[in-house]
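Below is one structure, written out as structure tokens; the observations come after it.
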Amino acid sequence: MGTPHTINRREATIAIGIGVLFMIIALIVQEIAQDIPVFLFLIKDHFSTSGIVGELSVFELKNSILYSLYIGLAAGFIQEGFTFLAVDTRARNMAFFIGLGFSIVDIVILFFETFVVPVIEIHRSLILTPFEGLLVSLNIVSSVLFHPGTATFMKWGQIRGFARITYIISAFLHTAIDGGVVYTDLYVIMNRSTYITASAIFWTVAMSISVIIFIVGLTKLSSVSDADEFRVEKPVVF
């Protein structure tokens, strides 16, 4: 059984930077894709913005499963697509850190949405309840596990000749998490008394997926030998 080459601080920093860059690009593309329903409503209303927020909210609640699936698929296939491209640019020992770069962007956005935006909107410091603090912590842990997990899993797939199937699996796992959180949010809006129960169910599933893909990704990639890696096309260097 082979083990990944050791990686120095400079290589790790470069790999994280690649992950950050590709994640930012992925989120831009994802935002455009996820805004398609908004554009369709604008076209339907002849580009009148009055009442569009209310119309979208009603549409999302009435079509919560389809809407959640759409948002999840867009996030899953776009983010994992860019993860796939990112890990293909470097050797296997950098895949984990590329995934970590994706996680860093995820966490920065989470911090901004949780602490900065509310403070700007209500003009006072934000104090989280213990349960809300737990949810934020779960978000962070899940991201740190999931992105390096799919990055290493897909890198293993590229080396072993299973590139497409590892990408599809990663994308659908991502869809389950992102689509799940959208559906949970919509469900709680309609059933506010289920907030804690629905959140607990979602995070049980999300954390299970994150832990499993993290373990599988690192285990599979560590099984690759130098000879296996050198038989595939040399990674792009930039």
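For the range 179-202, a residue qualifies if it is surrounded by fewer than 22 Cβ atoms within 10 Å (Cβ to Cβ) and either small (Gly, Ala, Ser) or farther than 26 Å from Phe131 by Cα (or both), and the qualifying residues are Gly180, Ser193, Ala198, Ser199, Ala200.
Contact map, the range 159-172: first residue in contact (Cβ under 8 Å) with a residue 40 or more places away in the chain and within 21 Å of Ser225 (Cα to Cα), second residue open to solvent by less than 30 Å² (accessible area, probe 1.4 Å) and not in a helix (DSSP H, G or I), Cβ cut-off under 6 Å, separation 6 or more or different chains; pairs are Ile159/Val224. Of all the listed residues (Thr114, Thr89, Thr152, Thr83), the sole one being out of contact with any Ser or Thr (no Cβ under 9 Å at 6 or more places or on another chain) and within 20 Å of Met207 (Cβ to Cβ) is Thr114.
Could you go through the range 162-184 and let me know if any residue there is under 21 Å from Ala86 (Cβ atoms), of a type outside the set (Val, Ile, Thr), modelled with pLDDT under 95 and in contact with a Lys or Arg (Cβ under 6 Å, 6 or more places away or on another chain). No, there is no match, as no residue in the range 162-184 is under 21 Å from Ala86 (Cβ atoms), of a type outside the set (Val, Ile, Thr), modelled with pLDDT under 95 and in contact with a Lys or Arg (Cβ under 6 Å, 6 or more places away or on another chain).
All of Tyr183, Tyr167 fail the test of being more than 15 Å from the chain's Cα centre (by Cα) and of a type in the set (Phe, Trp, Tyr), apart from Tyr183.
Each residue in the range 41-59 was checked for being exposed (fewer than 15 other Cβ atoms within 10 Å of the Cβ) and at pLDDT 80 or above, and 2 of them qualify. Inclusion of Ser64 among residues that are at pLDDT 85 or above, surrounded by 11 or more Cβ atoms within 10 Å (Cβ to Cβ) and more than 27 Å from Gly149 (Cα to Cα) is warranted.
Just one residue in the set Val87, Val108, Val116 is more than 18 Å from Ile28 (Cβ to Cβ) and without any contact (Cβ under 8 Å) to a residue 60 or more places away in the chain; that residue is Val116. Against the condition at pLDDT 85 or above and over 13 Å from the mean Cα position of the chain (by Cα), how does Ala91 come out, does it pass? The answer is yes for Ala91.
The values are calculated or read from the model by the stated rules, or taken from the named source; none is laboratory data. Here the structure is a predicted model, which means the values were calculated and not measured. In this analysis, Cβ positions are derived from the backbone assuming ideal geometry, glycine residues included, and neighbour counts consider all displayed protein chains. For the accessible areas, the whole protein counts, side chains as well, though only heavy atoms, and no ligand, DNA or RNA atoms are used. Shrake-Rupley method; radii C 1.70, N 1.55, O 1.52, S 1.80 Å.
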